[in-house]
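Only one structure is covered here, and it is reproduced in the block below.
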Amino acid sequence: MLPPSGMADEAGMFMVHQTVGTVLCCKCGIPMQPNAANMCINCLRSEVDITEGLLKHLIILHCPECDKYLQPPKTWVAAQLESKELLTFCLRKLKRNHDTNKVRCVNAEFIWTEPHSKRIKVKVKIQKEVLNGAILEQSYPVEFVQQEHMCESCSRVQANPDQWVAAVQLRQHVSHRRTFFYLEQLILKHGAAASAIRIKQTDQGIDLFFSNRSHGVKFVEFVGKVAPVRSRHDKQLVSHDLKSNNYNYKYTFSVEISPICREDLICLPPKVAVSLGNLGPLVICTKVTNSIALLDPFTLRHCFLDADQYWRASFKSLLTSRQLVEYIVLDVEIISSEVNVGGTKYVLADAQVARVSDFGKNDTIFSIRTHLGHLLNPGDYALGHDLYGANNNDIELDKYKGLVLPDAILIKKSYEEKRQKKRGKPRAWKLKSLAMEVDDKGKLDQEKMNSEYEQFLKDLEENPDLRFNISLYRNREYQPSEMASMTDGEDLPSIPLEELLADLDLSEQEDDEDSMRE
């Protein structure tokens with residue numbers, strides 16, 4: 001038994017190093033490592049061309065409007081130049097040809113061409129078994145000629161923009177658009193309106209038009225997952241072919257979003273209050289998803305109403321978020337420990353507050369109970385519903401005989417005074433927006449919409465739960481200043497840089513200002 005090489009070296013023994021045997025090529029006679037064909041690589045390639053019979057020129061159909069490629073028979077695939085999706089699409093075109101010629105693709109990469117040349121070149125490396133079992137590897141270029149051909153939906157839009165098949169009418173009967181600002185961000189993040197051929201902004205909602213009924217149904221299902229809605233649909237006959245018995249319809253989906261919004265004050269109907277375990281009857285809406293989160297600010301009891309429960313016995317808000325009044329906190333006394341309700345912390349406290357508008361007019365002070373004891377300190381400002389000066393004409397409120405209304409119900413802490421120092425300064429983040437057509441009435445109310453959008457941005461800064469499901473992007477034009485950071489108000493809510501996404505736009509020709517709003 002021979003000792004190992006390490007031991008042989010220590011013992012000073014002579015070891016013969018193993019060498020790989022060589023043979024002479026049967027064609028040119030040069031030494032080479034033996035293989036099944038007994039020919040060197042150069043001679044083997046001169047004798048056998050494994051790319052013979054393979055396709056080297058192909059034609060692909062490209063839609064110039066939506067930048068998609070036709071995958072036969074009727075599928076259109078979205079892919080950008082030199083992307084992984086486009087390379088997969090090109091290799092799929094070659095797969096059947098490779099299988100027929102019994103070759104195997106081992107690698108592929110793009111060869112650069114001018115973007116306007118309408119040519120896509122791919123360098124493909126293949127392997128094939130040749131003489132006597134020898135495996136030969138070879139690379140060859142494949143040229144794809146791009147022919148412009150509009151897809152069915154784009155050609156229909158170009159012929160007549162009003163040739164839609166399905167229309168979804170989103171409506172919410174409230175006096176503001178805060179819900180649609182939030183819904184717009186959810187649609188952008190999940191790409192729910194990617195198949196819409198036209199989006200139109202109306203007075204109380206949004207209209208979306210689709211070229212296929214299934215796209216409209218899919219969008220309605222998406223809205224039902226993020227908001228409490230009820231919907232109905234209808235169809236209208238457009239044309240009928242008697243010979244082939246084909247019918248063409250236009251479908252309309254009417255989707256109504258619940259008028260209950262976050263920060264609204266609600267007086268629950270007696271039947272609903274009893275079904276929820278005698279909750280309320282005065283409750284606050286703290287969150288709206290596909291269900292409505294209600295909180296009793298005096299006992300910290302809470303519940304969730306899903307869409308079916310709400311629409312079975314629907315009700316409206318007693319006071320909305322647009323009717324909030326600013327108060328100043330004079331004194332706070334904690335009366336309970338911290339309670340976690342649905343992931344949000346609350347503390348019951350007795351507080352003395354006064355309306356900011358009463359300063360210099362009277363000395364009216366309100367003693368109230370609030371659920372914001374963990375946030376408020378004497379001297380802070382808060383926004384709340386003024387029940388002392390409100391004129392309530394609510395049918396449900398009249399059903400409660402002997403109900404004593406509080407003078408005020410605080411909703412959230414106010415940072416308006418601290419924001420005065422940052423007024424006019426750009427934010428470090430921005431949002432994308434849908435490309436929507438605006439009707440004539442919407443153009444007249446542009447100032448009102450801008451103020452509501454500004455309030456929506458402030459809500460995003462104050463509420464982390466609200467921005468959890470939306471995408472925020474860094475503002476490239478924002479330049480932080482050390483002096484500004486020192487002089488800005490302390491404890492002013494802001495969005496951390498870790499939550500911001502880089503605005504990656506592969507198309508440099510697109511105008512970012514049209515699709516981004518600060």
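The values are calculated or read from the model by the stated rules, or taken from the named source; none is laboratory data. Not measured: the values here are computed from a predicted model. Don't worry about glycine lacking a Cβ; one is built from the backbone with ideal geometry, like all the others, and counts go over all protein chains shown. Surface areas here come from the heavy atoms of the whole protein model, side chains and all, with no ligands, DNA or RNA. Shrake-Rupley method; radii C 1.70, N 1.55, O 1.52, S 1.80 Å.
A few comments on the model shown:
- Considering the range 133-162, and only residues there that are surrounded by 15 or more Cβ atoms within 10 Å (Cβ to Cβ) and more than 25 Å from residue 109 (Cα to Cα), the residue that is modelled with the highest pLDDT turns out to be 150.
- Taking the range 378-395 as the range and being under 25 Å from residue 269 (Cα atoms), open to solvent by less than 40 Å² (accessible area, probe 1.4 Å) and outside any loop (DSSP other than H, G, I, E, B) as the test, the residues that pass are 384, 385, 386.
- For residue 406, the test of being open to solvent by less than 40 Å² (accessible area, probe 1.4 Å), closer than 25 Å to residue 333 by Cβ, assigned to a loop (DSSP other than H, G, I, E, B) and not polar (S, T, N, Q) is passed.
- Flag for residue 130 being more than 19 Å from residue 64 (Cβ to Cβ) and at pLDDT 90 or above: no
- Selection of first residues in the range 338-352 that are within 17 Å of residue 283 (Cα to Cα) and of a type in the set (Ser, Thr, Tyr) and of second residues that are assigned to a strand (DSSP E or B) and open to solvent by 50 Å² or more (accessible area, probe 1.4 Å), restricted to Cβ pairs under 9 Å at least 6 apart or on distinct chains, gives the following pairs, ordered by first then second residue: 344/287; 346/339; 346/340.
- Counting the residues of the range 174-201 that are over 18 Å from residue 450 (Cβ atoms) and not aliphatic (A, V, I, L, M) gives 6.
- Counted residues, the range 86-112 - those being open to solvent by 60 Å² or more (accessible area, probe 1.4 Å), part of a helix (DSSP H, G or I) and charged (D, E, K, R): 4
- Strands (runs of 3 or more DSSP E) contained in the range 176-263 and holding at least 3 residues open to solvent by 40 Å² or more (accessible area, probe 1.4 Å) and out of contact with any helix residue (DSSP H, G or I) (no Cβ under 6 Å at 6 or more places or on another chain): 229-241, 246-257
- The range 32-74, residues that are in a strand (DSSP E or B) and in contact with a strand residue (DSSP E or B) (Cβ under 6 Å, 6 or more places away or on another chain): 57, 58, 59, 60, 61, 62, 68, 69, 70, 71
- Positions within the range 316-368 being of a type in the set (Gly, Ala, Ser) and on the phi < 0 side of the Ramachandran plot, in sequence order: 317, 321, 336, 337, 349, 351, 354, 357, 367
- Selected residue (criterion: nearest to residue 399 (Cα to Cα)) from residues of the range 274-285 that are touching a strand residue (DSSP E or B) at 6+ places or on another chain (Cβ under 9 Å) and not in a loop (DSSP other than H, G, I, E, B): 282
- The range 264-273: number of residues that are hydrophobic (A, V, I, L, M, F, W, C) and assigned to a loop (DSSP other than H, G, I, E, B): 1
- Residue among 85, 114, 65, 109 that alone is acidic (Asp, Glu) and touching a Lys or Arg at 6+ places or on another chain (Cβ under 6 Å): 109
- Options 481, 485, 433; residue that is at pLDDT 85 or above, among the hydroxyl-bearing types (Ser, Thr, Tyr) and either more than 20 Å from the chain's Cα centre (by Cα) or surrounded by fewer than 16 Cβ atoms within 10 Å (Cβ to Cβ) (or both): 433
- Residue 504 outside any strand (DSSP E or B) and either modelled with pLDDT of 85 or more or under 29 Å from residue 194 (Cβ atoms) (or both): yes
- Of the residues 401, 418, the single one that is in a helix (DSSP H, G or I), open to solvent by 60 Å² or more (accessible area, probe 1.4 Å) and of a type outside the set (Gly, Ala, Ser) is 418.
- Among the candidates 347, 332, 339, 283, residue that is open to solvent by 20 Å² or more (accessible area, probe 1.4 Å) and either closer than 22 Å to residue 257 by Cβ or under 34 Å from the mean Cα position of the chain (by Cα) (or both): 339
- Odd one out for residue 83 among (1) within 30 Å of the chain's Cα centre (by Cα); (2) open to solvent by 30 Å² or more (accessible area, probe 1.4 Å); (3) of a type in the set (S, T, N, Q): (2)
- Residue selected from the range 458-475 under the condition open to solvent by less than 60 Å² (accessible area, probe 1.4 Å) and among the basic types (Lys, Arg), by the criterion modelled with the highest pLDDT: 458
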